[in-house]
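Enquirer: Take a look at this one; I'll ask things after.
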Amino acid sequence: MNSKHKKTMELIYKNPIQAGILWSDIVGLFVALGSEISEGERSRMRVKLNGTRAVFHRPHPQKTTDKGAVNSVRKFLENAGVHYDEL
């Protein structure tokens, strides 16, 4: 993971939950963590990491996430065994 991925991880795990994280940065983090990503219908994206699966909806027309999406990403990462305990 590079420094950009670490910064994205920090934003995802920051309290209170932050909105406005670029979706492309979250996808980049998924890839850096070794996730399998496949396209779903319309704006859906399937992600599998460490045996844990989730379906996310890409934000549109904006390119940033809302708090609910960030919370979903955080829960997915936690369920997949990815924790950011340094915050």
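Enquirer: Summing Lys, Arg as +1 and Asp, Glu as -1, what charge do residues with Cβ under 9 Å from the Cβ of A19 carry, A19 excluded? Please report the intermediate quantities before stating the final value.
Expert: Details: positive: K67; negative: D66.
My count for the surroundings of A19 gives 0.
Enquirer: Around G40, what is the net charge, scoring Lys/Arg as +1 and Asp/Glu as -1 over all other residues with Cβ under 12 Å from its Cβ?
Expert: Details: positive: R42, R44, R46, R53, R58; negative: E39, E41.
Charge balance near G40 sits at +3.
Enquirer: Right, something else. About its Cα centre, how strong a charge dipole does the chain have in debye, to the nearest 20, once Lys and Arg get +1 and Asp and Glu get -1 at the Cβ?
Expert: Details: 14 positive and 9 negative charges, 41 e Å.
Rounded to the nearest 20 debye, it is 200 debye.
Enquirer: Find how much the distance from N2 to N50 grows on full extension, using 0.36 nm per residue of separation minus their present alpha carbon separation; answer in nm with one decimal. Mind showing how you got there, number by number?
Expert: Values: separation 48, 0.36 × 48 = 17.28 nm, distance 2.00 nm.
Extra length from N2 to N50 when fully extended: 15.3 nm.
Enquirer: Can you list the aspartates and glutamates whose alpha carbon sits under 19 Å from that of K7, skipping same-chain ones fewer than 8 residues off?
Expert: Qualifying aspartates and glutamates at Cα under 19 Å: D25, D66, E78, D85, E86.
Enquirer: Counting only protein heavy atoms and using a 1.4 Å probe, what share of the accessible area of the chain belongs to carbon plus sulfur, as a whole percent?
Expert: On the way: 2570 of 5480 Å².
Percent of accessible area from carbon and sulfur atoms in the chain: 47.
Enquirer: In Å and from the alpha-carbon atoms only, list the Rg and Dmax of the range 10-87.
Expert: Considering the range 10-87 through its Cα atoms, Rg and Dmax are 11.9, 36 Å.
Enquirer: Something else about it: A54: net charge of surrounding residues, Cβ under 15 Å, Lys/Arg +1, Asp/Glu -1, itself excluded?
Expert: Numbers: positive: R44, R46, K48, R53, R58, R74, K75; negative: E36, E39, E78.
Around A54, the charge tally is +4.
Enquirer: Over the chain, calculate the relative contact order: mean separation of alpha carbon pairs under 8 Å at least 6 apart, over the residue count, as a percent. Display every interim value, and only then the final one.
Expert: Working: 108 pairs, mean separation 28.1, N = 87.
It comes to 32 percent, rounded to a whole number.
Enquirer: How large is the helix-only mean residue ellipticity at 222 nm for the chain, computed as the sum of -39500 (n - 2.57) over DSSP H runs with n ≥ 4, divided by its residue count, in deg cm²/dmol to the nearest 500?
Expert: On the way: 3 runs with 34 residues, N = 87.
Rounded to the nearest 500, it is -12000 deg cm²/dmol.
The values are calculated or read from the model by the stated rules, or taken from the named source; none is laboratory data. Bear in mind the structure is a predicted one, so any value in this text is a computation, not a measurement. Glycine gets a Cβ as well: all are built from the backbone with ideal geometry, and neighbour counts include every protein chain shown. Accessible surface is based on the protein model in full, side chains and every heavy atom, while ligands, DNA and RNA are left aside. Shrake-Rupley method; radii C 1.70, N 1.55, O 1.52, S 1.80 Å.
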